[in-house]
1. Contact list please: Cβ distance under 8 Å, first residue in the range 44-58 and part of a helix (DSSP H, G or I) and open to solvent by 100 Å² or more (accessible area, probe 1.4 Å), second residue at pLDDT 95 or above and of a type in the set (D, E, K, R), pairs at least six apart or on different chains.
2. If you check A5, A29, which single one turns out to be among the aliphatic types (A, V, I, L, M), within 16 Å of D65 (Cα to Cα) and open to solvent by 60 Å² or more (accessible area, probe 1.4 Å)?
Amino acid sequence: MPLPARACVLFYCHFVLATLLPPIAVLYARGFSKALVVNLLLCVFTLMIGGIIHAWWVIGWYLVDEALPG
């Protein structure tokens, strides 16, 4: 089942935010959690590339689960 239009727009906005500022995107998606700490460490030690990939992963898993009904 496809996502509603509003959910798609928010989903893509989160991906843009994750590309530009990965820790902020993870903070918005998960709050203060282990995912945020992992993302901060990945951003520092892998020069943002690991943080971007991790932020995409977090958004892909958690925001889609919240957007889908049921």
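The values are calculated or read from the model by the stated rules, or taken from the named source; none is laboratory data. Fair warning: this is a prediction, and the values are worked out from it, not measured in the lab. Note that each Cβ is placed from the backbone with ideal geometry, even for glycine, and that neighbours are counted across all protein chains shown. Surface areas here come from the heavy atoms of the whole protein model, side chains and all, with no ligands, DNA or RNA. Shrake-Rupley method; radii C 1.70, N 1.55, O 1.52, S 1.80 Å.
1. As it stands, the answer is none, since no pair meets every condition given.
2. Details: A29 fails: open to solvent by 60 Å² or more (accessible area, probe 1.4 Å).
Just one listed residue meets the conditions, A5.
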